[in-house]
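Heads up: the structure comes next, in structure tokens.
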Amino acid sequence: MTDAVVPRSTEAAPRAGRGTSWLRRALDSDIFYSFRRSRMTMIAAAITLLFFLLAILAPILAVQNPFDPAQLQLMNSRISPLWTADGQAPFLLGTDEQGRDVLSAILYGLRISLAVGVLGMLLAGTIGITLGLVAGYVGGAVDGLIMRIADVQLTFPAILIALLVNGVAKSMFGNKLDPTSMLVVLVLAIGLSFWVQYARTVRSSVLVEKNKDYVAAAQLIGLPAQKIMLRHVLPNAMGPVLVIATINLALAVLTEATLSFLGAGMPETMPSLGTLIRIGNNYLFAGEWWIVAFPGIALAGLILSINLLGDWLRDALNPKLR
Amino acid sequence: MLAFTLRRAFQAIGVMFAVGIIAFSMFRFAGDPVSQIVSIDTPPAERAAVRKSLGLDDPVVVQFARYFGNAVQFKFGMSYQFRQPVANLLMERMPATLELATVATIISMVFGILMGVYTALKRDTWLAKLFQMVSLIGISLPTFLIGILLIYLFAVTLGWLPSFGRGEVVKIGWWSTGLLTVSGLKAIIMPAITLGLFQMTLIMRLVRAEMLEVLRTDYIRFARARGLTTRAIHFGHALKNTLVPVITVAGLQFGTVIAFSIITETVFQWPGMGLMFVQAIQNVDIPIMAAYLLTVSLIFVTINLVVDILYTVVDPRLRSTVSRPH
């Protein structure tokens, strides 16, 4: 491997000329300008950030650890929210059947939902980007095979594939998976369901990029294909990938919630937002609306704000895309 | 044209073959079929007998050929949890799912087209803006939350509609229909709206965009110049030309609707294939999962094939499929 003088990508020249910090450049950029112009996007970004903060700070903010059965007391079950007639002091949003504080359960559930969502998105992105790069760069039969699989998978809704992966994992590792392995299975199911979008986008970018002069130059000085793909072609294909990743995060959170709601996701001992909605749904008829309403609002707010961010990013990064 | 049709047909068969391999691998390799059938204290000799009777000692290729041959004749083996042939279970539940999906599609088409035309013609009225808002919600809210919300409003609070099940059904041959009884019709309203809401917003947006485009064309201007009534122009000329892509998309989405009925059926405890599939996953009933996969794939592939062939006949411009979240 000769690490000869590598021609840095084309943006290197102006970067050296200005010589300011990256923060200054970020604040000067078109993207930040368009961000400041859109109030809706700023609100969505603030809400998304808030959700992430709440998830990270859950152990500090929550009045109890809902995953720890020792902290749950049946005496405190089915208390309605604080502002209603029967509300009780530490339980702002009420408690559920097992005496679990709804707000604490939401904070901890948010952690799981976001963890599965982010990890699932990263896995899908890794699989998709790798296959897209290989398909676009190598071409020929490899390209044909990868894209054929992608086409077939695209005809089936992601949720169906995620359910199947889930079912197969259950039958291979036993029906009663412990919560941590279930988390891994969910990430795997999401990763395998959503890689196609990345692969198609990266491939089409690579097909455009690989005929440009800088790739030819890199090939001429004898760089290995792997290095050209990762260091030179991929950075130039990242724009659309970021858009897909944002929208994919919303979809991943939604898929996890759907799987958990269907009873094919996180167990009730370690609930995600979807599991909480599943549990709460059982008490709707008894008039205990708060057990399902607040996790539902949290989930809908989270997905809506990430989606709005994704929509904005799509328009800001590439006006030609739709 | 014939060459195109043949090529697409071969591709469809190829896809079904691939799905068949996946279904077979699930059946054969995910967990041990024998231990699912016998009880824990069955002696090894008996287990071996069961093994032999299932043909699990044959070469894998032979097993696959047998599985595929059976699947083509709609024999999917026995369900682990129900101890009944999977094909019978599927047949029993298929009418419920197909009726739900059909009613959902009809609702989404009727209201989607009406709302789309309205938002295109009267863009700045408050009602048009309301429709746009509803469409944003329809795309962002998870299906199951919409279902729960409807149940809370119309079943728990108002008590107008039943919250679960299909109501009374009438048997017509092997097909059981809930569309001929009052309780059956009441029961299908909420699930069909829940299932069709996403499709409705999709069709509304599509009709709106197409209408706005068509209204700018020369032949509409010419129709106005000729002095035709606004109604004739809007509905006789403009709408008619937007309907081809709308029907195509609705057709392609029918398969997706069937797959998404998994969620709706679970929320409303609708006794269809989707609910059975979810229960099969919870109970690790692999034969049902494999059979559901094969059945739904067959429906998907058939619809895609028919639509593909039809729209090269009708409108060569339309060649993209629409993907949906949940």
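No lab work stands behind these numbers, since they all come straight from the coordinates. Bear in mind that the values here come from a model prediction, so they are computed numbers and not experimental data. Because the Cβ atoms are built from the backbone with ideal geometry, glycine has one as well, and the counts that use them run over all protein chains shown.
Which of A:I47, A:G117, A:S80 sits closest to the plus end of the dipole of the protein assembly as shown, meaning its Cα is farthest towards the positive end, when Lys and Arg get +1 and Asp and Glu get -1 on the C-beta?
The one lying farthest along the dipole's positive direction is A:I47.
Please state the charge dipole magnitude for region B:86-274, taken about the Cα centre, from unit charges on C-beta atoms (+1 on K and R, -1 on D and E), reported in debye and rounded to the nearest 20. It would help to have the intermediate numbers written out before the result.
On the way: 15 positive and 8 negative charges, 153 e Å.
Magnitude of the dipole: close to 740 debye.
Counting partner chain Cβ atoms within 10 Å of every residue's Cβ in B:279-289, what's the average?
Taking the mean over all residues of the peptide, I get 4.
Per residue of A:285-294, count partner chain C-beta atoms within 10 Å of its C-beta, then hand back the mean as an integer. Numbers along the way, then the final one.
On the way: counts 5, 1, 3, 0, 4, 0, 0, 4, 4, 0.
Rounded to a whole number, the mean comes out at 2.
Which one of B:F268, A:I306, A:Y283 is farthest out on the positive end of the charge dipole of the protein assembly as shown, using unit charges on Cβ (Lys, Arg +1; Asp, Glu -1) and the Cα centre as origin?
So the residue we want is A:I306.
If you take the alpha carbon radius of gyration of region B:1-134 and divide it by 2.2 N^0.38 Å, what ratio comes out, to two decimals?
Taking the Cα Rg and dividing by 2.2 N^0.38 Å, one obtains 1.73.
So what's the gap between the Cα centers of region A:147-193 and region A:252-322, to the nearest angstrom?
Going from one Cα centre to the other spans 18 Å.
Using only atoms on other chains, find how many Cβ atoms lie within 10 Å of each Cβ of peptide A:145-157 and report the average. Don't jump to the answer; show the numbers that get you there.
Values: counts 0, 0, 0, 4, 1, 0, 2, 7, 0, 2, 11, 9, 13.
Counting other chains' Cβ atoms within 10 Å and averaging over A:145-157 gives 4.
Treating only the Cβ of Lys, Arg, Asp and Glu as charged (+1, +1, -1, -1), what charge dipole size does chain A show about its Cα centre? Round to the nearest 20 debye.
1120
Dipole size in debye (nearest 20) for the protein assembly as shown around its Cα centre, Lys and Arg Cβ +1, Asp and Glu Cβ -1?
Computed about the Cα centre, the dipole is about 2080 debye.
If we count other beta carbons within 10 Å of each Cβ, what is the order of A:M238, B:M204, B:M109, fewest first?
Lowest count first: A:M238, B:M109, B:M204.
So how far apart, in nm, are the two label points at A:S34 and A:Q88 if each is 7 Å from Cα heading toward Cβ?
Using points 7 Å along Cα→Cβ, the separation is 5.2 nm.
Counting pairs of alpha carbon atoms under 8 Å apart in space and at least six apart in sequence, what relative contact order in percent does region A:53-321 give?
Worked out over region A:53-321, it gives 21 percent.
Report the label-to-label distance for B:K129 and B:V110 in nanometres (one decimal), using points 7 Å from each Cα along the Cα→Cβ vector.
For B:K129 paired with B:V110, the spin-label model returns 2.9 nm.
If we restrict to alpha carbons, what Rg and Dmax does region B:86-274 come to, in Å?
Cα-based Rg and Dmax for region B:86-274 come out at 19.1, 63 Å.
For region B:86-274, what's the relative contact order in percent, using C-alpha pairs closer than 8 Å and at least 6 residues apart?
Reported as a whole number, the value is 36 percent.
How high is the relative contact order of region A:211-308, in percent, counting Cα pairs under 8 Å that sit 6 or more residues apart?
21
Beta carbons within 10 angstrom, averaged per residue: use that to sort the peptides A:153-165, B:254-266, highest first.
B:254-266, A:153-165
Lys and Arg at +1, Asp and Glu at -1: add these up for the other residues within a Cβ distance under 10 Å of B:M115 and post the number.
Residues close to B:M115 contribute a combined charge of +2.
Could you tell me which residue out of A:P69, A:T201, A:A58 lies farthest along the dipole of region A:53-321 toward its positive end? Charges go on the beta carbon: Lys and Arg +1, Asp and Glu -1, centred on the Cα centre.
Of the options given, the answer is A:T201.
Which net charge results for the neighbourhood of A:V202, defined as the other residues with beta-carbon distances under 14 angstrom from its beta-carbon, given Lys and Arg at +1 and Asp and Glu at -1?
Value of the local net charge: +1.
Of the lysine pairs in the protein assembly as shown, how many meet both conditions: Cα atoms under 22 Å apart, and a spacing of 8 or more in sequence or different chains?
7
Determine the distance separating the Cα centre of region B:96-170 from the Cα centre of region B:272-314; give it in Å without decimals.
Computed from Cα coordinates, the inter-centre distance equals 24 Å.
For the protein assembly as shown, what is the calculated [θ] at 222 nm in deg cm²/dmol (nearest 500), taking -39500 (n - 2.57) for each run of four or more DSSP H residues and dividing by its residue count? Working shown, then result.
Numbers: 25 runs with 439 residues, N = 648.
The helix-only estimate for the protein assembly as shown comes to -23000 deg cm²/dmol at 222 nm.
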